[in-house]
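A short worksheet on the structure shown next.
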Amino acid sequence: MEEMAIEEGARKGIQQGIQQGIQQGIQQGIAETIARILQARFGEAAQRLETQLKQIDSTQTLQELSVLAVKVATLEEFVQALESAITNS
């Protein structure tokens, strides 16, 4: 009985670890895509932002920033939004 509870706990722990890994992979992919969009639009100056983007652990925030990366007129406008997102996360 106790052994079954331990096995169930281990299974749940493994499943949770897998889910966290998947989520982190998704977030990293979004951050890298944002960095590529910014580099395509604003040149090499945008390259420095990838490290900051990877600090964000909210998929929703990264998705919002990805839309912003396409819409902003200047890199500085994006940087301001990024700094605000990092401060609020």
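The values are calculated or read from the model by the stated rules, or taken from the named source; none is laboratory data. What you are looking at is a predicted structure, and each value in this text was computed from that prediction instead of being measured. With ideal geometry, Cβ positions are generated from the backbone for all residues, glycine too; neighbour counts draw on all protein chains shown.
Only one entry of Glu83, Glu44, Glu50 meets the criterion of being surrounded by 15 or more Cβ atoms within 10 Å (Cβ to Cβ) and at pLDDT below 95, and that entry is Glu50.
Could you check segment 33-55 and list, in sequence order, the residues that are of a type in the set (D, E, K, R) and in a helix (DSSP H, G or I)?
Start the filter on segment 33-55 by keeping residues that are of a type in the set (D, E, K, R), which leaves 36, 41, 44, 48, 50, 54.
Within segment 33-55, Arg36, Arg41, Glu44, Arg48, Glu50 meet the criteria.
Pairing residues of segment 53-78 that are among the hydrophobic types (A, V, I, L, M, F, W, C) with residues that are in a loop (DSSP other than H, G, I, E, B) and exposed (fewer than 13 other Cβ atoms within 10 Å of the Cβ), at Cβ distances under 9 Å and at least 6 apart in sequence or on separate chains, gives Ile56/Ser89.
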